[in-house]
Amino acid sequence: MKTSIVVCGSGIVGLASALALARRGQQVALLGPRATFALANPEHYQPRVYAISPASQKFLASIGVWDLLPAARLTRVEAMEVFGDGDGHLNLSAWQNALPELAWIIEASEIERALVQAVQIFGLTWINEKFVSYAPGVLTTDSGTTLEADLFVAADGAQSALRTAAGLAVDIRPYGVTALVAHLDAERAHLGTALQWFSADGVLALLPMPDTASGHQVSMVWSLKTELAQTLLALPEEARSRELSARLAQASAGRLGALSLRSPVFSFPLTLNQSAMIGDGLALAGDAAHRLHPLAGQGLNLGLGDVECLVDCVAGREPFRTPGDPMVLRRYRRARAEPVMAMRCVTDGLHRLFDVQSAPVAWLRNVGMNLVDRLPFIKRQLIGGASR
Ligand SMILES: Cc1cc2nc3c(=O)[nH]c(=O)nc-3n(C[C@H](O)[C@H](O)[C@H](O)COP(=O)(O)OP(=O)(O)OC[C@H]3O[C@@H](n4cnc5c(N)ncnc54)[C@H](O)[C@@H]3O)c2cc1C
């Protein structure tokens, strides 16, 4: 088969890339396994949820996907409270910047379902197979089908096989930290506030979710030193549940009252990854290009930023250039360099700042947080950054 562009990977970044390129008049085929989604159950929420920034929300709306998301599964984040490991405290509210919300919380499966629906409505060519080998200009799938294209987009995730086959190097730095992810029943209402605590053990985030029949619900992302995370995961189910509730009550200082597991616990070892964004006739997007610590909830948002930029570079090229023209690809690389580097520095920098256990550094970071909390101008800049 011959086409202009092949997008490899059917996660959120791959689906969004293929759809956005097709909507801008590009001839595109999508390659990747087609997942099926059970109908959403009002009492059951998928464990992977994302904080979607206003910029990503606008982009998803522009490709006709936002309106396909069920309103009942979306939660507005109207404020954020961040606590240091001393008396540091930072409070960011949407109203301080005259914004309706800082972000939205939604299950990954709901975004994927909406994207799949939009891709089907659009009638996009979807090859339900996996990539196995690649040479510039031609890719082979696991059934032996060959796909020829001028541009290949690697959106096949952090382990990107297409990136490896194309010989692009990737710098992978393990954090020695594992994120534990689960949904919790909370005794008190979250009031649309995302809460985050930095401590010697790691970073705990409680994200607002829709209420259920059992009461208030939050999503937990707890990035813990891997040794501690493994110890908790190795406990028998009941003991793990008890231990987590006790540790959560302590780590969150009882802010939402008693917290108890309402879903299984999932774990994600965290790494900081960076690859070259382009190769010969190849563009990388999403986790295939970069992976971050999730403490700012920005990995997918950065990936959707890649997609928006790539589509602008490809669709806005001069008529005499092809989509995989080196100039088009270099423009993409140049445009993404600053936002990717900035987000990498912020997330990695925050992780490092709170990882240092020396008393003067601990004092300084908590004083710094309290100082920022009293400076409306700096806070407005931070809110602008957090909601981008
Ligand atoms: C604990 C945690 C919390 C997070 N929270 C947030 C958050 O709140 N907000 C946020 O913005 N980001 C968040 N992130 C980051 C986010 O999860 C990732 O950035 C995002 O999932 C990347 O999407 P992707 O489509 O690039 O990759 P993936 O989701 O990994 O998708 C890759 C796709 O490629 C397909 N594929 C793989 N191999 C092949 C092959 N050989 N051939 C064809 N297809 C293939 C796979 O089937 C899959 O569909 C979080 C991450 C973690 C670990």
ask   = In region 27-126, what chymotrypsin sites (Phe, Trp or Tyr not before Pro) fall in a loop by DSSP, with at most 16 other Cβ atoms inside 10 Å?
value = F37
request  = Show which aspartates and glutamates lie in cross-link reach of K130 when reach means a straight Cα distance below 20 angstrom and same-chain residues fewer than eight apart are skipped.
outcome  = E112, D142, E148, D150, D156, D287
message = Helix 326-355 against the longest principal axis of the chain: what's the angle in degrees, Cα atoms only, rounded to the nearest 10?
response = 20
note = Out of V138, T164, W197 - ranked by how far each Cα lies towards the positive end of the dipole of region 89-225, with unit charges on the beta-carbon of charged residues - the top one is W197
message = For a test of the definition: using alpha carbon positions, the gyration tensor, and the 1.5 limit on a/c, classify region 183-240 as rounded, prolate or oblate.
response = oblate
ask   = Dipole magnitude of region 1-109 about its Cα centre, charges +1 at Lys/Arg Cβ and -1 at Asp/Glu Cβ only, in debye to the nearest 20?
value = 840
task = Could you pull out every one of the aspartates and glutamates with an alpha carbon less than 19 Å from that of K225, ignoring same-chain neighbours closer than 8 positions?
result = D85, D201, E243, D348, D355
message = To the nearest 20 Debye, how big is the dipole of the chain about its Cα centre, given +1 on the beta carbon of each Lys and Arg and -1 on that of each Asp and Glu?
response = 720
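All of the numbers you see were taken from the coordinates with simple rules; none came from a lab. Because the structure is predicted, anything quoted here is derived from the model rather than measured. Here Cβ is always computed from backbone atoms with ideal geometry, including for glycine, and neighbour counts include all displayed protein chains.
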